[in-house]
Amino acid sequence: MIGTLIYGLTIGGILYIISIGLSLTFGTMRIVNFAHAFVYALGAYLLITAFRKMGLSFLAAAGFGVLAVLPVAYVIEAYVIRRLYGESLDYAIIATYAVLLIGVDLIKWVWGASPISLNDPIGKDVEILGVSLPVYRLVIITLAFVIYGGLYLFFRKTIVGKIVIAGLDDKDAVRSLGIDVDRYFSIVFLLGSGLAALGGVLYAPITSVHPYMGFQILLLCFAVVIVGGMGSLHGTFLSAFALGMVISLTGRFWGPAAETMVFVVMAVVLIFKPIDV
Amino acid sequence: MKIPWKKYDCLLIVAGFLLLLPFLKIQRTTDFIIFCVFVLSYDLLYGYMGRLSFGPMLFLGAGAYAVTLFSEHLSPNPFLALSFAVVAAAAVGALIGPIIVRTTGAAFALINLAFNQIGHFLVLIAFAKYTGGEDGMSAHFSKVGFFDVQDRTMIFVFSLFCLVLAFYLLKRLTSSPFGILLRTIKENETRARFLGYDTFLYKWGAFVISGGLAGFAGALSIMNYGYVTPSFIDPHRNVEVIFAVLIGGAGNLYGAIIGGVAYMVVSNYLATYIARWEMFLGIGLLLLVFRFRTGVWGAVTGLLASRRGEAETR
């Protein structure tokens, strides 16, 4: 049971780290960013290259993966996302989906299509209440909470964060104060992309790394964002862990249904809580 | 915008597909025609009602599996099976419609995708005992009078007839008050509601019609191929129909058919020469979104309009 709980929290943590970017991009720019899945997968692949080919330690390789993704995210933001500001949602969805397709094909081109697996970088277990648990998973859960706290401070205490929060609420009002909101939104986009890459890096040792890994997780993250409320920071946090628990609990009884159950939960939530976006 | 040959459009569609015949195998051409029916169903939802769905494959798959299961367990009569498939796909639409059509924009697209995912899971894993799981299953239909599904020419003629019928009915539908209200919802739903229309019912209706027609396309494909696999309900294939609608130009039935044929030509023939197919698709989509938003049909009518404009000023 403890194993299931920890697994749920691990998945929840990963989902949270990846979903923040989606939620923020939607809240600030009104764009559903499918390209997020590409950034996520790219992070994992860069980690593998840095770890296997360049011989860096896991920690350094992870850092490399997250940082090396940022220029790519910047290019996506500057050439695709920025051109979609104020456009109808449909074009934004189609254009970012196109970026995802191109990205997946690039990954297949560079790294090949076969899945790559990675060992647990810590490889130690710790015993809690008679159940042995991998330390790595506990690290992920801790990291998710640290990021949640860090983002909370960022959005409450720093001026950049405050501008973004104000922009989430009323973009035009912030702009009329003479603040270039879009520039701050770009910063948020990079932040979200970096976190997505971090999610990919952290999840890589748990699952296998393959070009389509982004597609799978993206659907789950959309469910997280829809259940938690688009653009809501606390909502995303709570729903990520709740859906992580749904996955691990369902998986305990019927493995193949685990991820589908998330969508069932999402549908039920939508019946009772209609959203207008 | 008046186009002189609009009266003969149904005949032109028939002529167009007959002209394709010498270049393609007959089964391929039938495949093209069926895909156009699917694109038409999607255009009603996206082009006319303005709701981008990322899950139309759910309905194609529902029709495909319904026709196969019906012919296997209840009756091998192809017409009964086909009707059952349409009803089944429309019923799926009617069932999940009330949840889906209340949302707009991103949520609409994603919830459709989520239901598509659930449907894919159901046929692939949950009901694998009945659907054959990953291997799929073959479908057998009996002969009814002179109509034989095994006969390639027969199924070609039948599909073409169905496409023209679907096209004609949709043309009537989209120019009826119902269709005009759908376009009003696309432009400004609040205003439509303000005028006293219960937009929910209209959206639900359009969703069910679109689903039923997509299911019909799925069922026809099964008659053409003779077997069903989970690829008929694969959520990753949703982008195909979106791409087709965009190539042709959304919100226009002629555009839908041009787009359907164009997409099938590109995916069937270019894909064998282009090694990086997904990249090509992605770049194509980006170009359509940023440069050619009105698609082929928009370009054609634009050209005609500017020609006529020149003639008038001269």
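Quick look at the numbers
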{"quantity": "Checking B:Phe115 against (1) at pLDDT 85 or above; (2) more than 9 Å from every other protein chain (Cβ to nearest Cβ); (3) buried (at least 20 other Cβ atoms within 10 Å of the Cβ), the condition it does not meet", "calculated": "(2)"}
{"quantity": "The lone exception for B:Phe141 - which of (1) assigned to a helix (DSSP H, G or I); (2) surrounded by 16 or more Cβ atoms within 10 Å (Cβ to Cβ); (3) more than 22 Å from the chain's Cα centre (by Cα) it fails", "calculated": "(1)"}
{"quantity": "Candidates B:Phe161, B:Phe127, B:Phe147 - the one that is surrounded by fewer than 17 Cβ atoms within 10 Å (Cβ to Cβ) and touching a residue at least 60 places away in the same chain (Cβ under 8 Å)", "calculated": "B:Phe147"}
{"quantity": "Matching residues, segment B:187-212, being surrounded by 17 or more Cβ atoms within 10 Å (Cβ to Cβ) and touching a residue at least 24 places away in the same chain (Cβ under 8 Å)", "calculated": "B:Glu189, B:Tyr202, B:Lys203, B:Trp204, B:Gly205, B:Ala206, B:Phe207, B:Val208, B:Ile209, B:Ser210, B:Gly211, B:Gly212"}
{"quantity": "Failed criterion for A:Leu168 (all others in (1) at pLDDT below 85; (2) loosely packed, with under 14 Cβ neighbours inside 10 Å; (3) in a helix (DSSP H, G or I) hold)", "calculated": "(2)"}
{"quantity": "Of the criteria (1) surrounded by fewer than 20 Cβ atoms within 10 Å (Cβ to Cβ); (2) within 12 Å of another protein chain (Cβ to nearest Cβ), which one A:Ala242 fails", "calculated": "(2)"}
{"quantity": "Counted residues, segment A:41-94 - those being within 19 Å of the chain's Cα centre (by Cα) and over 27 Å from A:Asn119 (Cα atoms)", "calculated": "9"}
{"quantity": "Segment B:279-301, residues that are over 21 Å from the mean Cα position of the chain (by Cα), assigned to a helix (DSSP H, G or I) and within 14 Å of chain A (Cβ to nearest Cβ)", "calculated": "B:Met279, B:Phe280, B:Ile283, B:Leu286, B:Leu287, B:Phe290"}
{"quantity": "First in segment B:105-123 and within 16 Å of A:Ile217 (Cα to Cα), second anywhere and of a type in the set (Phe, Trp, Tyr), Cβ under 6 Å, 6 or more apart", "calculated": "B:Leu110/A:Phe222; B:Leu113/B:Phe54; B:Ala114/A:Phe263; B:Gln117/A:Phe263; B:Ile118/A:Phe263"}
{"quantity": "Hits in segment B:216-251 - residues which are part of a helix (DSSP H, G or I), touching an Asp or Glu at 6+ places or on another chain (Cβ under 7 Å) and among the aliphatic types (A, V, I, L, M)", "calculated": "B:Val245"}
{"quantity": "Top-ranked residue of segment A:85-128 - restricted to ones that are over 29 Å from A:Phe58 (Cα atoms) and either at pLDDT below 80 or more than 14 Å from chain B (Cβ to nearest Cβ) (or both), ranked as surrounded by the fewest Cβ atoms within 10 Å (Cβ to Cβ)", "calculated": "A:Gly86"}
{"quantity": "Leading residue by the ranking (farthest from A:Tyr91 (Cα to Cα)) among those in segment B:84-104 that are in contact (Cβ under 8 Å) with a residue 40 or more places away in the chain and out of contact with any Gly (no Cβ under 7 Å at 6 or more places or on another chain)", "calculated": "B:Val87"}
{"quantity": "Hey, A:Gly231 crowded, with 24+ Cβ neighbours inside 10 Å and under 25 Å from A:Leu42 (Cβ atoms) or not", "calculated": "no"}
{"quantity": "Unmet criterion (only one of (1) under 18 Å from the mean Cα position of the chain (by Cα); (2) free of Cβ contacts under 8 Å to residues at least 60 places away in the same chain) for B:Phe156", "calculated": "(2)"}
{"quantity": "Number of the condition not met by A:His234 [criteria: (1) within 11 Å of chain B (Cβ to nearest Cβ); (2) farther than 20 Å from B:Phe108 by Cα]", "calculated": "(1)"}
{"quantity": "B:Gly260 being modelled with pLDDT of 85 or more and either in a helix (DSSP H, G or I) or out of contact with any helix residue (DSSP H, G or I) (no Cβ under 6 Å at 6 or more places or on another chain) (or both)", "calculated": "yes"}
{"quantity": "Conditions (1) surrounded by fewer than 17 Cβ atoms within 10 Å (Cβ to Cβ); (2) under 17 Å from A:Val188 (Cα atoms); (3) within 14 Å of another protein chain (Cβ to nearest Cβ); number of the one not met by A:His36", "calculated": "(1)"}
{"quantity": "Qualifying position, being modelled with pLDDT of 85 or more and of a type in the set (Lys, Arg), among B:Arg237, B:Arg291, B:Arg276, B:Arg307", "calculated": "B:Arg237"}
{"quantity": "Residue under evaluation B:Thr103, criteria (1) at pLDDT 85 or above; (2) in contact with an Asp or Glu (Cβ under 8 Å, 6 or more places away or on another chain), criterion not met", "calculated": "(1)"}
{"quantity": "Selected residue [in contact (Cβ under 8 Å) with a residue 40 or more places away in the chain, among the aliphatic types (A, V, I, L, M) and touching a Phe, Trp or Tyr at 6+ places or on another chain (Cβ under 6 Å)] from B:Leu44, B:Leu40, B:Leu69, B:Leu58", "calculated": "B:Leu58"}
{"quantity": "Criterion: of a type in the set (A, V, I, L, M), within 12 Å of the chain's Cα centre (by Cα) and within 11 Å of chain B (Cβ to nearest Cβ) - qualifying residue of A:Val225, A:Val265", "calculated": "A:Val225"}
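Matching residues to (1) under 24 Å from B:Val239 (Cβ atoms); (2) away from every other protein chain (no Cβ under 14 Å):
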position	(1), (2)
B:Gly16	no, yes
B:Leu44	yes, yes
B:Leu58	yes, no
B:Ala62	yes, yes
B:Pro76	no, yes
B:Leu80	no, yes
B:Ile99	yes, no
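The values are calculated or read from the model by the stated rules, or taken from the named source; none is laboratory data. Computed from a prediction, not measured in an experiment: that's the story for all the values here. Here Cβ is always computed from backbone atoms with ideal geometry, including for glycine, and neighbour counts include all displayed protein chains.
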